[in-house]
Structures are given as structure tokens and as C-alpha cells.
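Okay, structure first, notes after.
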Amino acid sequence: MTVTCVAIFQYDDDGICVSFPDYPICNTCGYSFDEAVNMAKEVLELGLHGTPIRDAQEFVKKDDLCLLPRQEAIEISVNIENRNGCYFSQNVA
């Protein structure tokens, strides 16, 4: 299954910080946009692993956010399995 969550990309002079309003524990950063996206996918997959499945209607939508200057809302998608009602990633050891 594919899970899509909105990430907030905060552009700073030394890189890009990424956070997920739906999963406050999921934070990461990257020096470039591509690196930040890859890191965001990785941290989202780790953050979802083992948590109960949520209905897509419960997730924050891009239009619901009030962004500050130098911020951008970007949808990040990861492929993850449903095992016994919980998200499960084979990439998590």
C-alpha cells in the first residue's frame, strides 16, 4: 500500500529541514532538495513502522497548513505493508 503524508520543507541557508505535522517524531534534513526528499521518505517509513493504520482522511492536507516564509508543503509517499492492522516496512531492521 502507498501512504502519502504532507511534509513541511523549511529552506535555510545551510540546508533544508523536513518535518511531518502528522508524525511530530519524524524530522530530518538534507543539503539539497533531492537529498531532503530521500531523507524524508526514509524517516517517514521508520516513523510509520509498527503504528496502527490510519484512514487517509485523518492526515493533514496541504491546503490546511499555514506556512511561514521559506516553507513549502510537499507530499511524500512511501510503499509500506499492512500487517495485522499496523504499518510494516521491510526496510526497517
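Carbon and sulfur atoms: what percent of the 1.4 Å accessible area of the chain do they account for? Don't skip to the answer; put the middle values down first.
Values: 2920 of 5750 Å².
Result for the chain: 51 percent of the exposed heavy-atom area is carbon or sulfur.
Could you point to the residue in CYS66, ILE8, PHE88 farthest towards the positive end of the chain's charge dipole, with +1 and -1 charges on the Cβ of Lys/Arg and Asp/Glu respectively?
It is PHE88, whose Cα lies furthest towards the positive end.
Could you check how many percent of all C-alpha pairs in the chain are farther apart than 20 Å?
So the pairs more than 20 Å apart make up 33 percent of the total in the chain.
Could you give the nm distance between label points at ASP13 and LEU68, where each point is 7 Å from its Cα heading toward the beta carbon?
About 1.6 nm, to one decimal.
Return the FRET efficiency for the residue pair ASN84, LYS61: r is the Cβ-Cβ distance, R0 is 35 Å, and the value is rounded to the nearest 0.05. Don't skip to the end; give the middle numbers.
Working: r = 28 Å, r/R0 = 0.80.
Taking R0 as 35 Å, the efficiency between ASN84 and LYS61 is 0.80.
Which order do the peptides 18-28, 60-70 take when ranked by the mean count of other beta-carbon atoms within 10 Å per residue, highest first?
Per-residue mean Cβ counts within 10 Å order the peptides as 18-28, 60-70.
Relative contact order of the chain: what whole-number percent is it, with Cα pairs under 8 angstrom and at least 6 residues apart? Each step should come with its number before you reach the end.
Values: 161 pairs, mean separation 33.4, N = 93.
It comes to 36 percent, rounded to a whole number.
With every protein chain kept in place and ligands, DNA and RNA left out, what is the accessible area per residue of region 4-93? Probe 1.4 Å, answer in Å².
62 Å²
Taking region 34-78 as the region of interest, what is the percent of Cα-Cα pairs per 10 angstrom bin, listed from the shortest bin to the one with the maximum distance?
21, 48, 30, 2
Highest first, please rank the peptides 30-43, 73-86 by the mean number of other Cβ atoms sitting within 10 Å of their residues.
30-43, 73-86
The values are calculated or read from the model by the stated rules, or taken from the named source; none is laboratory data. Keep in mind that what you see is a predicted model, and the values were worked out from it rather than measured. Ideal geometry is used to build each Cβ from the backbone, glycine not excepted, and the neighbour counts take in all protein chains shown. Heavy atoms of the whole protein, side chains included, go into the accessibility calculation; ligands, DNA and RNA do not. Shrake-Rupley method; radii C 1.70, N 1.55, O 1.52, S 1.80 Å.
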